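Asker: Provided herewith is a single structure, encoded as structure tokens, for subsequent inquiry.
The values are calculated or read from the model by the stated rules, or taken from the named source; none is laboratory data. It should be emphasised that the depicted structure is a prediction, and the values quoted were computed from it without experimental measurement. So basically every Cβ, Gly included, is an ideal-geometry build from the backbone, and we count neighbours across all protein chains shown.
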Amino acid sequence: MNWLIVGHGALASLWAHHLHANDKSVSLITRNANTASSEEDFVLETNSEQQHQRIAAIPWGQLDTSRLDGAQLLIMVKAWQLDAVLQQLADVLAQGNAKPNAIILSHNGLGAADALVQRHPEWPLYDLVTTQGAWRKSPRHTVHAGQGESVIGPRQTAADNACAAPPAWFTPLANALPPLNWEPDILVQRWQKLAINCAINPLASLAGSSNQVLQDSQYNAEIQAICAEVAAVAEVVLGQGRLIASELEARVYTVITATANNTCSMLQDLKQGNPTEIDYLNGYIVQLGAAYGIPTPVNQRLYSAIKALQV
Ligand code: KPL
């Protein structure tokens with residue numbers, strides 16, 4: 001089974017490491033268009049223990065269609081990068097008859113590359129939602145700082161009936177980095193993760209601290225309000241009773257505890273001077289709220305505060 005991992009962030013490296021350590025054929029697809037394929041030394045640090053692995057790195061320019069045929073692509077890029085990456089993939093796929101087994105997308109937020117995805121109903125698309133917490137000490141050194149959990153399922157819209165059984169590649173992926181569960185109704189899980197990120201990412205980023213800071217009771221009211229606003233918007237988009245504000249809140253606190261030592265991805269982005277995913281998180285809620293006449297003042301305030309920090 002051939003796994004191709006697209007992404008340069010901590011989570012892409014984390015999954016590449018775990019698949020490789022489980023004897024899977026894994027290659028990282030790199031940004032550089034014209035350099036040669038090579039094997040590179042990557043370090044994964046878990047509980048202060050370092051594990052070194054040599055993982056194949058293939059530049060996009062060298063990615064011929066034969067490598068894509070029957071492969072599982074795990075695309076772990078930022079929400080704002082997804083459109084360009086999927087366009088690049090569409091261009092490579094258009095050069096031949098290659099059919100990937102699976103194109104698995106994993107990023108924070110909702111709404112990324114929706115228009116492009118709709119133009120490719122033939123793609124075998126899946127969404128992976130994870131609360132694993134990881135950060136990069138350097139481009140090839142990743143720290144696994146928070147033991148989260150993951151779910152994966154077929155991409156679908158609110159109108160679809162989700163009933164698909166897990167494909168053959170699911171078990172090897174689940175064994176590589178557990179816990180990973182199969183979830184036919186992945187859309188509702190994406191919304192739950194959206195609420196988690198709408199709360200943790202901007203609040204921890206504005207505090208300039210690891211997720212632990214949100215265990216302080218001074219954040220309770222804001223976390224409650226964020227979850228209530230997300231649930232109100234979700235009620236219109238997903239239907240009544242699919243997201244319950246109090247359950248979202250409980251999940252936020254579970255993830256805060258599990259990832260207390262992690263620096264959230266938004267704060268990592270801000271520290272590195274990169275764009276954040278705020279448009280696909282609180283920005284997405286504000287946009288839908290405006291479209292459906294649902295007030296979202298707390299998400300709006302956090303959205304504006306993070307936008308003001310972005311270079
Ligand atoms: O998804 C995350 C992120 O940082 O983006 C969490 C789960 C909140 C971990 O920090």
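Asker: Please specify each residue of the stretch 261-270 satisfying the condition of being more than 7 Å from the ligand (Cβ to nearest atom) and not in a helix (DSSP H, G or I). First the steps, then the outcome.
Answerer: Residues of the stretch 261-270 more than 7 Å from the ligand (Cβ to nearest atom): 261, 263, 267-270.
Answer for the stretch 261-270, where residues must be more than 7 Å from the ligand (Cβ to nearest atom) and not in a helix (DSSP H, G or I): ASN261, THR263.
Asker: Could you please give the count of residues in the stretch 241-256 that are among the charged types (D, E, K, R) and part of a loop (DSSP other than H, G, I, E, B)?
Answerer: The total comes to 1.
Asker: Restricting attention to the stretch 60-86, report how many residues are assigned to a helix (DSSP H, G or I) and more than 18 Å from the chain's Cα centre (by Cα).
Answerer: Residues meeting the conditions: 7.
Asker: Somewhere in the stretch 191-208, is a residue modelled with pLDDT of 95 or more, under 30 Å from ALA228 (Cβ atoms), over 16 Å from the mean Cα position of the chain (by Cα) and in a loop (DSSP other than H, G, I, E, B)?
Answerer: Within the stretch 191-208 (the criterion being modelled with pLDDT of 95 or more, under 30 Å from ALA228 (Cβ atoms), over 16 Å from the mean Cα position of the chain (by Cα) and in a loop (DSSP other than H, G, I, E, B)), the answer is yes, since at least one residue qualifies.
Asker: Is it true that ASP216 is within 25 Å of TRP135 (Cα to Cα), away from the ligand (no atom under 16 Å from the Cβ) and either among the acidic types (Asp, Glu) or in the same structural domain as ALA145 (by TED's automatic domain parsing) (or both)? Let's see the steps before the verdict.
Answerer: Details: within 25 Å of TRP135 (Cα to Cα): yes; away from the ligand (no atom under 16 Å from the Cβ): yes; either among the acidic types (Asp, Glu) or in the same structural domain as ALA145 (by TED's automatic domain parsing) (or both): yes.
The answer is yes for ASP216.
Asker: Any idea which of LEU68, LEU74 is crowded, with 19+ Cβ neighbours inside 10 Å and modelled with pLDDT of 95 or more? Show your work before the answer.
Answerer: On the way: LEU68 fails: modelled with pLDDT of 95 or more.
None of the others qualify; the one that does is LEU74.
Asker: Hey, could you check the stretch 98-152 for residues that are among the hydroxyl-bearing types (Ser, Thr, Tyr) and within 16 Å of the ligand (Cβ to nearest atom) and say which is farthest from TYR284 (Cα to Cα)?
Answerer: Within the stretch 98-152, the match that is farthest from TYR284 (Cα to Cα) is THR142.
Asker: Do we have any residue at all in the stretch 246-260 that's modelled with pLDDT under 95, polar (S, T, N, Q), within 16 Å of the ligand (Cβ to nearest atom) and in contact with a Lys or Arg (Cβ under 9 Å, 6 or more places away or on another chain)?
Answerer: no
Asker: Quick check: is even one residue across the stretch 30-38 in a helix (DSSP H, G or I) and either without any contact (Cβ under 8 Å) to a residue 40 or more places away in the chain or more than 23 Å from ALA168 (Cβ to Cβ) (or both)?
Answerer: Within the stretch 30-38, the subset in a helix (DSSP H, G or I) is none.
No: the stretch 30-38 contains no residue that is in a helix (DSSP H, G or I) and either without any contact (Cβ under 8 Å) to a residue 40 or more places away in the chain or more than 23 Å from ALA168 (Cβ to Cβ) (or both).
Asker: Follow-up question, since we're still on this one. Only one residue in GLY208, GLY241 is within 16 Å of the ligand (Cβ to nearest atom) and surrounded by fewer than 23 Cβ atoms within 10 Å (Cβ to Cβ). Which one?
Answerer: GLY208
Asker: Here is a follow-up. Among residues belonging to the stretch 271-286 that are assigned to a helix (DSSP H, G or I) and aliphatic (A, V, I, L, M), point out the one that is farthest from the ligand (Cβ to nearest atom).
Answerer: VAL286
Asker: Just checking, which of ALA145, ALA204, ALA234, ALA174 is closer than 30 Å to ARG301 by Cβ, free of Cβ contacts under 8 Å to residues at least 60 places away in the same chain and among the aliphatic types (A, V, I, L, M)?
Answerer: Going through ALA145, ALA204, ALA234, ALA174 in turn, the sole match is ALA234.
Asker: Okay, moving on. Out of curiosity, is PRO295 of a type outside the set (A, V, I, L, M), more than 11 Å from the ligand (Cβ to nearest atom), in a loop (DSSP other than H, G, I, E, B) and within 22 Å of ASP114 (Cα to Cα)?
Answerer: When the stated conditions are applied, PRO295 does not pass them.
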